[in-house]
Amino acid sequence: MNFKIAIAVFFVFVILHHDVWNWDDRSLWFGFLPVGLGYHVVYSIAVGVFWYLVNRFAWPHATEAWAEGGAEE
């Protein structure tokens, strides 16, 4: 995952966090879960997976190695 792609996806998630299209929807998912709450459950899982992928593939390992090397001196 490229760093620029990670930044772009981050801003997409920022926009998706403000789910104004669900504010007036009173329907229920599975008969008991309000749409807004269900949306944020799915959103939170998606953001968690995204941050895992960022930490796995787009994290600046060179900076981390430099910081760890400096701490040992």
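Where a number appears in this text, it was derived from the coordinates with a stated rule and is not lab data. Computed from a predicted structure; not experimentally measured. Cβ: placed from backbone, ideal geometry, glycine included. Neighbour counts: every protein chain shown.
The table below gives the values:
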read-out: Ascending count of other beta-carbon atoms within 10 Å, so fewest first, for Tyr43, Tyr52; value: Tyr52, Tyr43
read-out: Cα centroid of segment 34-73 to Cα centroid of segment 10-30, whole Å; value: 22
read-out: Difference of contour (0.36 nm per residue) and Cα-Cα distance, Asp19 to Val42; value: 7.1 nm
read-out: In sequence order, calculated HN-Hα J values of segment 51-56 (Karplus, 6.51, -1.76, 1.60; Hz; x Gly/Pro); value: 5, 4, 5, 4, 5, 7
read-out: Table column - 3J(HN,Hα) (Hz), segment 58-65, Karplus curve with 6.51, -1.76, 1.60, x for Gly and Pro; value: 10, 6, x, 5, 5, 5, 5, 5
read-out: Fewest-first ranking of His17, His61, His40, using other Cβ atoms within 10 Å as the exposure measure; value: His61, His17, His40
read-out: Given (i) 1.55; (ii) 1.22; (iii) 1.20, the label whose value is Rg/Rh (Cα atoms, Kirkwood Rh) derived from this model; value: (ii)
read-out: Label-point separation in nm, Glu64 to Asn2, each point 7 Å along Cα→Cβ; value: 2.2
read-out: Amide H partners (placed H, <5 Å) of Trp29, local residues excluded; value: Val35
